[in-house]
Amino acid sequence: MTRAEIFRNIATIEAVAENEEFVNALLKEAESLEKRAAARVGKQTKTQKENAEIKERILEALAEGESMTATEVANAIGVSLAKATALLTQMVKAETVHRAVEKKVARFSI
């Protein structure tokens, strides 16, 4: 449930609904939240743009050959292990990259 939906639901509670000033304030806040949310749709933050570029570099590194561990990917593209692991996890969930465990070691490939 979004904050806007919460405000709209509160406005329908009988004790609140009896006070027109409360209802108007709640509905105004809900509209403001919905307007801001609509403005953000489709826009990427600075970090999202940077991560998209790093994901492209990950794909390029994996395209060069055999499967790689997260550490190997991080070293190949020059990012921290934490960043590489987080982005590889996102890419696995998006089915952009495959994850296989070999001898208790996670390896990634295209």
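Are any of the residues in the stretch 22-31 within 30 Å of Thr2 (Cβ to Cβ) and of a type in the set (Phe, Trp, Tyr)?
Yes, that holds for at least one residue.
On the given criteria, is Thr89 of a type in the set (Val, Ile, Thr), on the phi < 0 side of the Ramachandran plot and crowded, with 16+ Cβ neighbours inside 10 Å?
On the way: of a type in the set (Val, Ile, Thr): yes; on the phi < 0 side of the Ramachandran plot: yes; crowded, with 16+ Cβ neighbours inside 10 Å: no.
Answer is no for this residue.
Any idea which residue in the stretch 10-62 is modelled with the lowest pLDDT, counting only those that are among the basic types (Lys, Arg) and in a helix (DSSP H, G or I)?
Arg40
Considering only residues that are closer than 17 Å to Glu60 by Cα and of a type in the set (D, E, K, R), which ones fall in the stretch 74-106?
Within the stretch 74-106, Lys83, Glu95, Arg99 qualify.
The values are calculated or read from the model by the stated rules, or taken from the named source; none is laboratory data. Nothing here was measured: the structure is a model prediction, and the numbers come from that model. Cβ: placed from backbone, ideal geometry, glycine included. Neighbour counts: every protein chain shown.
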